[in-house]
Structure formats: structure tokens, C-alpha cells
Amino acid sequence: MRMDYTQVNIAFRRLGLAQETAEAHGLLCGLICTRRTVSQEAWLGHLLEGPVEHLLVPEENAGQGQEQVILHQLYKETLLQIRDAEFGFRLLLPDDEQPLSVRTQALADWSKGFLYGLAAGGLENTGEAPGNVEEIVRDMIEISRVYHDDEEVDEDEDLDEASFMELAEYVRVGVMLIHEELQAEREQNDDKVLH
């Protein structure tokens, strides 16, 4: 099941979560990239100060609390997508019918959340990170600052749309590369400890 941005956004609002939906998804992805395991409770703990039990779906009541079920599905689906390329990882962003300014802001928010997730997950110094992690993180910092003003009349809307799609694809592929490189480094370090 593919999670729908609007559906998740409505669940967030009904549960009283103030974070932007895209930012919360970015945070989860950042945590997954940096940690061996990430519980749903740990992710929600970063979104909400205080207890998070009311946001979790108790195993025995899995059919109750539609909003909690949606959060749980988002968590499970995101884990599958990032850890297994066959599931087709995607960013949780507003659909193409939304104005470009809304989608651009959501991509910036997603990137902010991802950067926070990397830091919260323990990636403190990107200069010591493997491969292209430092470069991708630097680019995501810039993307998190992106702003699109609908008031500005652009002569070529198609160019803006194409630029947005390029940025979103860069972020999507960058997340998969960061996950792959950080997990490979972790496995290598684990092997050194065992030998």
C-alpha cells in the first residue's frame, strides 16, 4: 500500500501533531539511515515532547484508531522502502495537483526533517562519513532553504516544474545512497569488532 500525503497529513492534524507531514517523514528516513533499528516509538518521540503511547497501535487493537493505523503503516512502509530497493523508495510529498510553491516548501521541510534525523540518529560529523554522504548532506542543507513564490511570474513554468522534479529525484536517490553507505560502514565496523 502506498501512503498518500493528504491521508497522512489529515491523520497528523487529528492526532495533534504540529510537525509538517513531509518533515516528519524526512525525520524518520534520517533515523533509519543512521541507526541499525528504529522503533516507531523512537520516531514519534522526536515529533512529540512527552508520552507517545496514545499514537501507537496496540497489537491486540490493530483495527482501532484509524489515525494511529495510518502512522503505523507509514512507519512500516518507509522501513521497507529504504531497506529494500524493490519497494521503490519515495518521498512523502504533496501530489502534482498541488501548487509548485506548496510542493517546493514540502521538499524543503522534508530535507530539514531528514537532516534532523541524521543528527538525532548520531551522524555528528559528515566530514568523517563514508563516500558521498558529506556532499549530499551539504546539498540537502541548500535544498532545505529553497523557496518558491507563486507571486513571482516565471516565464517558463515547465522549467520550474522540471527543476522541482530534478531536486526531488536528487533527494530521493541521495537518501538511498546515504543509507547504503552508512549501513555498509556499520557492517564493516561490526566485522572489525568481531575479528
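The values are calculated or read from the model by the stated rules, or taken from the named source; none is laboratory data. From a predicted model like this one, the values you see are computed outputs, not experimental measurements. Methodologically, a virtual Cβ is constructed for each residue, glycine included, from the backbone with ideal geometry; neighbour enumeration extends over all protein chains shown.
Would you mind telling me which numbered condition in (1) within 14 Å of the chain's Cα centre (by Cα); (2) modelled with pLDDT of 90 or more Met3 fails?
The single condition Met3 does not satisfy is (2).
I'd like to know if the stretch 49-58 contains one or more residues that are of a type outside the set (Phe, Trp, Tyr) and at pLDDT 85 or above. Step through it out loud before you land on a result.
If we filter the stretch 49-58 for residues that are of a type outside the set (Phe, Trp, Tyr), which is where we start, we get 49-58.
Now drop any that are not at pLDDT 85 or above, which leaves none.
No, there is no match, as no residue in the stretch 49-58 is of a type outside the set (Phe, Trp, Tyr) and at pLDDT 85 or above.
Show the residue pairs meeting these rules: Cβ distance below 8 Å; 6+ apart or different chains; first residue within the stretch 32-52 and small (Gly, Ala, Ser); second residue in a helix (DSSP H, G or I).
Ala42/Leu31
Taking the stretch 1-49 as the search range and keeping residues that are out of contact with any Asp or Glu (no Cβ under 6 Å at 6 or more places or on another chain), outside any loop (DSSP other than H, G, I, E, B) and among the charged types (D, E, K, R), which one is farthest from Leu92 (Cα to Cα)?
Filtering the stretch 1-49 for residues out of contact with any Asp or Glu (no Cβ under 6 Å at 6 or more places or on another chain) gives 1-2, 4-10, 12-13, 16-19, 21, 24-49.
Okay, now just the ones that are also outside any loop (DSSP other than H, G, I, E, B), so 5-10, 12-13, 21, 24-34, 40-47.
Subset that is among the charged types (D, E, K, R): 13, 41.
Working: Arg13: 16, Glu41: 20 Å.
Checking each candidate, the answer is Glu41.
Which one of Lys76, Lys112 is farther than 24 Å from Glu166 by Cα, under 15 Å from the mean Cα position of the chain (by Cα) and either of a type in the set (D, E, K, R) or loosely packed, with under 12 Cβ neighbours inside 10 Å (or both)?
The match here is Lys76.
Quick grid of which residues meet (1) surrounded by 14 or more Cβ atoms within 10 Å (Cβ to Cβ); (2) part of a loop (DSSP other than H, G, I, E, B); (3) at pLDDT 90 or above:
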{"site": "Asp96", "(1), (2), (3)": "no, yes, yes"}
{"site": "Ser101", "(1), (2), (3)": "yes, no, yes"}
{"site": "Gln105", "(1), (2), (3)": "yes, no, yes"}
{"site": "Ala108", "(1), (2), (3)": "yes, no, yes"}
{"site": "Glu135", "(1), (2), (3)": "no, no, yes"}
{"site": "Asp139", "(1), (2), (3)": "yes, no, yes"}
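Could you run through the stretch 1-20 and say how many residues are surrounded by 18 or more Cβ atoms within 10 Å (Cβ to Cβ) and in contact with a Pro (Cβ under 9 Å, 6 or more places away or on another chain)?
Matching residues across the stretch 1-20 total 2.
Hey, any hits in the stretch 157-173 for a residue that's outside any helix (DSSP H, G or I), of a type outside the set (Lys, Arg) and at pLDDT below 95?
No, the conditions are met nowhere in the stretch 157-173.
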